[in-house]
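In what follows, a single structure is set out as structure tokens and then discussed.
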Amino acid sequence: MTVSLLDRRHATLGRHSPLFYDEPVHLVAGEGVWLTDVSGRRYLDAYNNVPHVGHAHPRIVEALRSQAATLNIHTRYLNERVVDYAEALLARFEPGLDRVLLTNSGSEANDLALRIATQHTGSRGVLVTDCSYHGNTTLLAGMTTGLATHEPLGEHVRSFAVPDLDAPANRARRESDVLAEALASVDRAVGELAASEHGVAAVLVECLFSTEGLPRVPAGFVSGLAERVHAAGGLVIADEVQAGLGRTGARFWGYQRHGLAPDVVTLGKPLGNGHPLAGVVTTPELLEEFGSRNEYFNTFAGNPVSAAVGHEVLRVIDEEDLVANTVALGLRIRDELAPALAAHPRLGPLRGEGLFFGFEVFTDGSREQPDGPATKRLVEAVKARGVLLSRIGPTGSVLKIRPPLALREDDVPVLLEALAGAVDELDG
Ligand code: PMP
């Protein structure tokens with residue numbers, strides 16, 4: 001009897017290693033925004049944000065190959081690759097944010113950012129949203145509110161709700177009222193921490209609110225949150241693991257949509273286009289303070305191969321005009337999808353920006369009750385039509401569309417037709 005790949009996987013990785021779909025997709029190749037499964041079937045990838053400039057991009061493959069064939073070594077020797085990359089990366093930030101510590105994952109970056117904040121402030125207290133995910137270290141598991149973890153929420157952690165103007169309870173309310181209520185709840189969380197033995201070290205916030213389901217937050221919420229944390233002596237850490245590197249279009253970083261001036265920015269996922277590369281960007285003062293107290297060394301982080309790959313990703317984004325592409329295709333999809341959603345009784349309005357968007361699915365035409373199971377069926381039905389995407393939000397009721405920025409004009413009808421067909425099936 002032959003043992004299936006799935007059985008072999010369970011026997012080695014265990015049964016809980018997450019897999020998408022009722023029938024897992026067995027992939028063997030990728031190119032641009034297209035993936036090929038073991039039977040030769042091609043899928044449009046409208047989910048993955050790691051292969052930012054496209055799967056198996058020849059320039060990224062060549063950058064990796066040629067540096068790996070020359071030298072790969074940790075950062076305790078001089079080599080120009082890491083410095084060249086650091087200069088190119090930091091040039092994308094506002095003046096002041098001009099130091100970087102490279103890491104291998106977003107989790108490591110957030111963990112390190114929290115160490116910087118706790119050492120700078122002398123406090124331990126951290127604020128996160130009530131449906132957040134920032135990584136899988138012990139520290140971060142103790143502040144995860146949006147994913148199953150056995151770790152209890154740390155005593156030094158407080159969470160706050162993110163207001164959504166499109167939530168059923170807010171639809172008929174004035175934006176200013178929703179904002180005032182949300183900031184009052186932030187005030188309570190900050191006040192509680194400040195009065196506790198923990199004090200306020202930082203808010204760790206992902207300004208697109210992906211795990212939260214891309215809510216439409218009132219203008220002034222994110223800046224109001226930052227003001228309150230700063231006033232309590234804490235730092236603002238912007239988690240750009242998902243929102244960064246042109247994902248939201250015209251502004252290169254997600255926090256810039258909110259006019260935020262973070263003290264620390266954490267990076268990950270798309271930075272190495274699939275190669276493990278992440279980092280923490282901060283001010284010279286904060287890095288100096290941290291560095292003077294800690295000998296921070298990270299064996300693989302910032303090695304010449306990673307740096308060559310990261311640098312090539314930045315060049316490809318520029319030379320292939322991928323930010324302009326993100327703006328143009330994001331708007332085109334919005335223009336075509338928004339009216340279809342408005343006309344459908346069970347679907348909410350389009351959320352998100354650039355090439356990261358979604359819409360909520362409801363149980364019926366009153367659009368009151370989010371419908372996670374129906375959203376799951378929609379994801380399966382879209383897959384059956386050859387397009388891969390997913391779902392997010394506290395109850396998994398928001399469809400998540402997040403293709404590589406290498407999406408092309410010709411791919412847009414493929415995505416829209418699969419969505420239209422799957423939505424028709426939802427009705428049937
Ligand atoms: N922050 C955010 C916003 C993320 O989405 C993730 C990963 N899903 C992380 C941090 C953790 O990154 P990694 O998996 O690279 O550790």
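Just so you know, all these numbers are worked out from the coordinates, no wet-lab data involved. All values derive from a computational prediction rather than experimental measurement. Positions of Cβ are generated from backbone atoms using ideal geometry, with glycine treated the same way; all protein chains shown enter the neighbour counts.
Taken along its principal axes, the alpha carbon cloud of the range 330-428 reaches lengths of 35, 25, 25 Å, longest axis first.
Taking R0 as 22 Å, what FRET efficiency do you get between Ser17 and His150 from their Cβ-Cβ distance, rounded to the nearest 0.05? Don't jump to the answer; show the numbers that get you there.
Working: r = 16 Å, r/R0 = 0.74.
With a Förster radius of 22 Å, E is 0.85.
Our coupling estimate for the range 126-135, obtained by passing each phi through the Karplus curve with A = 6.51, B = -1.76, C = 1.60 and θ = phi - 60°, is 10, 9, 9, 6, 7, 9, 10, 9, 10, x Hz, Gly and Pro reported as x.
Helices meeting the span-like rule in the chain (full DSSP H runs, Cα extent of at least 27 Å along the helix axis, mean Kyte-Doolittle score of 0.0 or higher): 175-195, 322-342. The distance from the alpha carbon centre of the range 160-187 to that of the range 375-389 is 32 Å, rounded to a whole number.
The GluC sites (Glu not before Pro) of the range 269-310 that DSSP puts in a loop, and whose beta carbon has at most 14 other beta carbons within 10 Å, are Glu295. Loop-located trypsin sites (Lys or Arg not before Pro) across the range 1-72 with a Cβ neighbour count of 16 or fewer within 10 Å are Arg15, Arg41, with loop assigned by DSSP. Within the shell defined by Cβ-Cβ distances under 10 Å, the residues around Gly249 carry a net charge of +2, with Lys and Arg each +1 and Asp and Glu each -1. Of the trypsin sites (Lys or Arg not before Pro) found in the range 358-428, those in coil by DSSP whose Cβ has at most 14 other Cβ atoms within 10 Å are Arg408. Sorting the Cα pairs of the range 386-428 by distance into bins of 5 Å, from 0 upward, gives 6, 17, 25, 26, 17, 8, 2 percent per bin.
Would you please give the FRET efficiency between Val3 and Thr138, computed as 1/(1 + (r/R0)^6) with r the Cβ-Cβ distance and R0 = 41 Å, to the nearest 0.05?
0.70
How big is the shadow of the Cα convex hull of the chain, averaged over all directions, in nm²? Intermediate values should be presented prior to the final figure.
Values: hull surface 88.4 nm².
Across all orientations, the chain yields a mean hull projection of 22.1 nm².
Return the FRET efficiency for the residue pair Ala88, Val28: r is the Cβ-Cβ distance, R0 is 35 Å, and the value is rounded to the nearest 0.05. Present the calculation step by step, with values, prior to reporting the outcome.
On the way: r = 33 Å, r/R0 = 0.95.
My answer for the efficiency is 0.55.
Modelled spin labels at Ala195 and Glu285, positioned 7 Å past Cα toward Cβ, are 3.0 nm from each other.
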